[in-house]
1. Provide the solvent-accessible area of S408, counting protein heavy atoms only and rolling a 1.4 Å probe, rounded to the nearest 10 Å².
2. If I model a spin label at E174 and A449 as a point 7 Å from the Cα along the Cα→Cβ vector, what separation in nanometres do I get?
3. Can you tell me the convex hull volume per residue for the chain, based on C-alpha atoms, in Å³ to the nearest whole number?
4. Sort all Cα-Cα distances of region 75-172 into consecutive 10 angstrom bins from zero, then give the percent of pairs in each bin up to the one containing the longest distance.
5. Rounded to the nearest 5, what % of the DSSP beta bridges within the chain are antiparallel ones?
6. Using Stokes-Einstein with the Kirkwood hydrodynamic radius over Cα pairs, what translational diffusion coefficient do you get for region 1-113 at 10 °C and a viscosity of 1.306 mPa s, in µm²/s rounded to a whole number?
7. Between region 401-458 and region 174-240, how far is it from one alpha carbon centroid to the other, in angstrom?
8. Calculate the dipole size of region 1-105 relative to its Cα centre from +1 charges on Lys and Arg beta carbons and -1 charges on Asp and Glu beta carbons; express the result in debye to the nearest 20.
Amino acid sequence: MSHPDKTPLPKPLAVIVLAAGKGTRMKSDLHKVLHPVAGRPMLLHLLASLEGAGASRRVVVVGASGEQVKAAVAGSGVDIAWQHEQLGTAHAALQAKAALADFDGIAIVCFGDTPLLSTDTVARLAARLEADDTPMVAVLGFRPADAAAYGRVIADADGTIRKMVEYKDASFEERAVDLCNSGVTAVRTADLWRLLESVGNDNAAGEYYLPDIVMLAIAEGARAVAIETGADEVAGINSRAELAVVEAGWQALRRQRAMAEGASLVAPETVWFSHDTVIGRDVTIEPNVVFGPGVSIADGAVIHAFSHLEGATVGPKADVGPYARLRPGAVLGAKSRVGNFVEVKKATLGEGAKANHLTYLGDADVGAGVNIGAGTITCNYDGFFKYRTTIGAGAFIGSNSALVAPVSIGPGAIVAAGSVVTKDVAADALALVRPAQVEKTGWAAQFRALMAARKVGK
């Protein structure tokens, strides 16, 4: 078992994620840890990092609205433990004991509202327990710009912890210390349950605090140590405002990464990525582009301003927008073109195919080199079922046409502008589906004169 840089972990690793808080400051019916960062619930960000660090067991402790969390992690191998009474963080961690009764190794306790905790930091914290000084407990500390009401870590220069104290219980001198407790703690399971069961609640809040296990370990003559990480990595999210701050930080880092990997962002601060967006080299992204989940952009593509993409695959040197919408299942071939006010859903455009403006392509297969005129619609839904439209290579669809699926347009065929096509069109044929043009000489002038007279008569 190892984390991504291949440094072997010393023992099996389990994680206990505390997510039993009510999250009242979010003012939401959605559980706090399920609010998304970059299109992904913050809890799932954290669980992915923990799994990447080599965690073979993951337990999430839930309370209020816990069924939402249980549903969100269903099928992922994550165990759920319940804290029915909110008695503090030590009490919450203890609720994972039954789920880990058969586990012998290192356990890391962390919080479900810290989505930016990294794989590397989790691995470093776990490895610290196996250093030559063999500490019983390792704590992750950080130094924020404003220590505010965080619990403090009183430690020597080498990281040896002398005292852990909650802000409410700290003296004036202790509050002046800037090393704060993130709450992320590593302990061997051989020690963890015993320490948690020994925690008392003789404090200002009357709660069972997780940091008290450090003082209990020290009282036994054991060693407790702290390692540090950046404040941004352990930023907790308790409100919509804090969620927005973390989102902004995540997006800023992702934009920098995209540019470092060879993409051009014309106005980086206006581009919004999803957690899984894939961007190739020499891609150009203009201002005000939003990527939802599941988007992949191949080398050399251009995404013009004010476009929205989700669940879409854009091929090499394809051209999208401005003001285009690619919905899930949209696949654009190499050098294809989707222009302004075009919507594509569950449709594939072959190499060099074009839909330059004002078009809806849903449930369609569009061949290479096809030209789709303005105002074209694939009529894919009859109110009950969806149907596909197939357009062969090199076909030309005239402006303002409606293709009523299921229908097939043969290769090289031409559909005349304004046609409503309800039957298959053969290869290289012309489909002309509209009434003959009728012209009545002088009718317009007579009409205007009649209307003008009526208006005067009123």
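The values are calculated or read from the model by the stated rules, or taken from the named source; none is laboratory data. This one's a predicted model, so the numbers in the text were calculated from it and none came from an experiment. Reconstructed Cβ throughout: ideal geometry from the backbone, glycine too, with neighbour counts over all protein chains shown. Calculation scope for accessible area: heavy atoms of the full protein, side chains included, ligands and nucleic acids excluded. Shrake-Rupley method; radii C 1.70, N 1.55, O 1.52, S 1.80 Å.
1. Counting only protein heavy atoms, S408 exposes about 40 Å² to solvent.
2. 10.1
3. Numbers: hull volume 107.3 nm³, N = 458.
It is 234 Å³ per residue.
4. 11, 36, 40, 13, 1
5. Working: 19 of 96 bridges.
So the antiparallel bridges amount to about 20 percent of the total.
6. Working: Rh = 14.4 Å.
My calculation gives 110 µm²/s for D.
7. 76
8. Working: 11 positive and 8 negative charges, 57 e Å.
So the magnitude is around 280 debye.
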